[in-house]
Amino acid sequence: MSASAEVLRRIPHRPPFLFVDEIVSESPESLVARRTWRADEDFYGGHYPGAPITPGVILCEAVFQAGALHLSRILAEQGAPAGVPLLVKISDVRFRSPVYPGDVVTIEVRKKDSMAGFFIMSGSMRRGETRVLSVDFSVAWKKPGEAR
């Protein structure tokens, strides 16, 4: 499965660095997304050859991209100008279970608070009923060109 048109419309990420396939559900408080990890992804060739495991940093990036999807809707409803999400803080990352090629994961993100242009969020990832990771993070939403 490749990314849905809705995902591509709402965030600037593109393959090979797009790690959300589709939005499953959305509410004012949260967003749930899905990702299938494909065996032909480039990073599996080197992490670890012969015993591939999805890198934790890539799993976190999938959560951050789901957060960007959630913020894109919130900011569009507020009439905010187009922008790009910039990660500004990561805390309390907990890895609980590895993810392998072929696994399908569900990602959930929630906006906890916002202040002075920063959005404080929490995210988690599950494979079925198994929790894969949890993470707290903060994002700034910048207009194109402001990101420098």
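The values are calculated or read from the model by the stated rules, or taken from the named source; none is laboratory data. Predicted model, so just to flag it, every value in this text is computed and none were measured. Positions of Cβ are backbone-derived with ideal geometry, glycine not excepted, and every protein chain shown enters the neighbour counts. To get the accessible areas, we keep the full protein, side chains included, count just its heavy atoms, and leave off ligands, DNA and RNA. Shrake-Rupley method; radii C 1.70, N 1.55, O 1.52, S 1.80 Å.
Scanning the stretch 62-86 for residues that are open to solvent by 40 Å² or more (accessible area, probe 1.4 Å) and at pLDDT 95 or above yields nothing. If you go through the stretch 20-61 and keep only what is surrounded by fewer than 16 Cβ atoms within 10 Å (Cβ to Cβ), of a type in the set (D, E, K, R), free of Cβ contacts under 8 Å to residues at least 40 places away in the same chain and assigned to a loop (DSSP other than H, G, I, E, B), you end up with just 40.
Among the residues of the stretch 99-126, those that are open to solvent by 60 Å² or more (accessible area, probe 1.4 Å), under 30 Å from residue 50 (Cα atoms) and of a type outside the set (A, V, I, L, M, F, W, C) comprise 100, 126.
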